[in-house]
1. If I model a spin label as a point 7 Å beyond the Cα along the Cα-Cβ vector, how far apart are those points for Glu157 and Glu206 in nm?
2. Calculate the spin-label point distance for Lys141 paired with Ala75, positioning each point 7 Å from the Cα along the beta-carbon direction, and give it in nanometres.
3. Give Lys118/Lys195; Lys123/Lys195; Lys208/Lys234; Lys123/Lys225; Lys118/Lys234 a once-over and call out the pairs whose C-alpha atoms are over 21 Å from each other.
4. Starting from segment 166-241, pick out the trypsin sites (Lys or Arg not before Pro) whose DSSP state is loop and whose Cβ has at most 15 other Cβ atoms within 10 Å.
5. Simple spin-label model, 7 Å along Cα-to-Cβ: Lys118 to Ser103 in nm?
6. Return one whole number: the accessible area per residue of segment 122-252 in Å², for a 1.4 Å probe.
Amino acid sequence: MRALRWAWLMLATGICMMSVHRAGLILNIIQSEHYDLIDAVFSLPIAACLLLGVLGLNKLLLVLENEQLLIETLAQFDPLTNSYSRSQILYRISEEIQRCTRSQRSFSLLEVDIDHFKRVNDKFGHPVGDEILIGLVRHLKEVLRSGDSLGRIGGEEFLILLPETDSQGAAQLAERLRAHIESTVNQTAASGPIKITISIGIATFETKNSLNTPRGIILNEIVGKADIAMYEAKNQGRNRIAIYKDSQNRASSS
């Protein structure tokens, strides 16, 4: 893309320089009344071709920019739910790890999973299941704060990044999310309304426990802890939240 921009710039500069030169020649012809017939005949077609080349190259650049924007958008967002993609949410978590390491602050991570989602797909079909996923993201965003990030990591599983949030604050927000989804009625293509519940695992990043640890390792650890806590919530009966406890190397549910 940068090479094309340079090519366009050089071509446009060349046309400007040639136009100035041609203007000088025309002025000289007028003053001397001597001219080269061949040069006069080919000057305009050459200038026209170069001008069309510049316009065509500019149009190509616009098309490529639009395609690049589309590719970047598809890479950042999950095409079904319009939440962040797996790679984008993990990138944001990684960036938050770096930021919190510098500022000596903490953040929390939630892993959200729809309870018995396979039953929804089996009973109503995958198109209705897709509607449920779309609705879930919409309803979660109704509770989340503007600075929180929500991303789909696969199937019916989502990660939610909560900046500047300790374990207690994360538990309070997770409980609000759980209660909101439990009370929400989903209108889909199915003959009747559908209600779902979610299980949520909570893990909190503490700078003091991560000194001199590579960012990639920290990322894998905190995602793994949120995953362990989420499965603990499942094992305790679903439709609940669970907090990963480092000291106990396990999750506690509520």
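The values are calculated or read from the model by the stated rules, or taken from the named source; none is laboratory data. These numbers were taken from a predicted model, which means no experiment stands behind them. Every residue, glycine as well, gets a Cβ built from its backbone with ideal geometry; the counts of neighbours run over all protein chains shown. Areas reflect the complete protein model, heavy atoms only, side chains present, ligands, DNA and RNA absent. Shrake-Rupley method; radii C 1.70, N 1.55, O 1.52, S 1.80 Å.
1. The answer from the label model is 2.5 nm.
2. Result for the modelled spin labels: 2.2 nm.
3. As for pairs spanning more than 21 Å Cα to Cα, those are Lys208/Lys234; Lys123/Lys225.
4. Those that pass, being in a loop and sparsely packed, are Lys195, Arg238.
5. 4.2
6. Ligands and nucleic acids excluded, the result is 49 Å² per residue.
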